[in-house]
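The values are calculated or read from the model by the stated rules, or taken from the named source; none is laboratory data. On a predicted model such as this, the values are computed, not experimentally measured, just so you know. Backbone-built Cβ (ideal geometry, glycine too); neighbour counts: all protein chains shown.
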Amino acid sequence: MNGTSYGKSAAYGRTEPEISSSHTKKVAFNQAVFSGRKIIPQTSKPGSDTNIAPGQSGADWTEVFNELKTAVKVRHYSPKTLKAYSGWVRKLRTYTKSKDPRLVSIDDAKAFLTWLAVDQDVSASSQNQAFNALLFLFRNVFGKEFGKVDGIVRAKRKPYIPVVLSREEVDQVIGFMRYPHNLIISLMYGCGLRISECLSLRVHNFNFDMRILTIHDGKGQKDRTVPIPEALMDELRAQLERVIDLHERDCEEGYDGVFLYGLLEKKYKNASRELIWQWFFPAKELTFVPENKERKRYHIHETSLQKALRKAVKKAKIPKRITSHTFRHSFASHLLQANYDIRTIQELLGHSDVRTTMIYTHTIKSQTTKEAKSPLDF
């Protein structure tokens with residue numbers, strides 16, 4: 001992040017699609033299309049995507065994306081959700097040849113989703129994400145319910161058994177990594193954190209006296225607490241000292257603070273320069289924000305960690321498909337192997353449904369029933 005310029009989305013610690021708010025030719029079109037901040041679509045015949053009448057294509061969808069962005073942010077969905085939903089709406093626009101939004105119907109959406117499944121052969125997760133994006137679009141932007149979804153080819157996701165590393169393999173991969181990436185991966189494994197949760201940690205998330213780490217606004221905007229690993233206590237305390245030293249130098253040089261979420265920066269004007277709000281894993285360089293000409297501190301970027309992890313995995317020569325999320329899977333599997341209760345593991349991982357946690361029962365040998373063997377081993 002050497003001199004990188006980020007828009008307002010950098011305050012969320014993630015990128016989101018840029019949707020322009022300045023468009024000079026939209027006034028007459030928008031007055032005809034929009035009413036009460038809701039787009040009013042009209043019905044059209046099935047297959048209209050391939051039989052678009054002259055004058056119906058090439059319409060301006062700028063306001064559609066602006067309304068979508070507003071609807072997502074009002075509901076406090078993550079910037080990643082906005083990015084995903086905007087991407088599928090763009091594909092729908094292309095599929096309908098930029099059809100007039102007033103004429104986009106449920107039949108167009110059904111034809112698009114079927115085309116994704118049959119002709120494009122997208123994965124089950126991608127198809128279902130596209131369905132959710134269009135459902136959100138029609139409900140919250142077009143102001144129209146999907147109704148019955150008959151005729152849409154829905155994909156059924158197959159059960160996925162995650163890749164899990166052994167304890168020795170975890171140490172082997174971390175051993176090929178250097179600071180600060182080795183500490184980040186160690187914390188992800190030791191606490192079962194997602195990559196976004198770990199990188200967005202701030203000083204106030206750590207309670208070293210109680211040996212508790214609090215994760216705020218995890219997936220689904222949920223908070224949870226996990227124990228800080230005793231094995232990492234000294235390294236984490238040393239990291240805190242580094243953050244304090246860096247923060248003091250930043251303040252002496254007159255930096256403009258760190259990025260804060262939402263409206264925190266407006267509500268607490270001095271919070272971005274306070275120690276408790278500093279990133280626990282700060283980026284090396286300050287980020288220049290061109291909108292207000294400020295120099296702010298961001299946390300280590302995901303791509304930096306992922307690149308370091310790929311190099312370490314290559315050196316370790318472990319024949320498994322390893323990503324940063326593999327260490328979260330390994331955390332859960334190793335706890336289950338140590339006879340921890342499934343409900344306890346569910347709380348530590350922050351899963352809403354215990355059925356999500358139950359998938360880890362397939363990653364370890366059965367401890368309650370007779371272990372299955374191959375006939376060759378009889």
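The table below lists the values:
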item: Test set (1) within 22 Å of S166 (Cα to Cα); (2) buried (at least 18 other Cβ atoms within 10 Å of the Cβ); (3) modelled with pLDDT of 95 or more - W279 fails condition number; result: (1)
item: Residue list for the range 93-123, filter: within 17 Å of E145 (Cα to Cα) and either of a type in the set (A, V, I, L, M) or more than 28 Å from the chain's Cα centre (by Cα) (or both); result: P101, R102, L103, V104, S105, I106, D107, D108, A109, A111, L113
item: Residues that are farther than 17 Å from H334 by Cβ and more than 24 Å from the chain's Cα centre (by Cα), drawn from the range 158-200; result: G175, F176, M177, R178, Y179
item: Among the residues listed as E302, E291, E274, E347, the single one being among the acidic types (D, E), touching a residue at least 40 places away in the same chain (Cβ under 8 Å) and farther than 20 Å from M188 by Cα; result: E291
item: Sole exception among (1) farther than 23 Å from C198 by Cα; (2) assigned to a loop (DSSP other than H, G, I, E, B); (3) modelled with pLDDT under 90 for R355, by number; result: (2)
item: Residue in the range 286-299 that is under 26 Å from the mean Cα position of the chain (by Cα), among the polar types (S, T, N, Q) and farther than 22 Å from P79 by Cβ present; result: no
item: One residue from Y298, Y261 being surrounded by fewer than 16 Cβ atoms within 10 Å (Cβ to Cβ), outside any helix (DSSP H, G or I) and hydroxyl-bearing (S, T, Y); result: Y261
item: Top-ranked residue of the range 201-221 - restricted to ones that are part of a loop (DSSP other than H, G, I, E, B) and touching a residue at least 12 places away in the same chain (Cβ under 8 Å), ranked as nearest to the chain's Cα centre (by Cα); result: K219
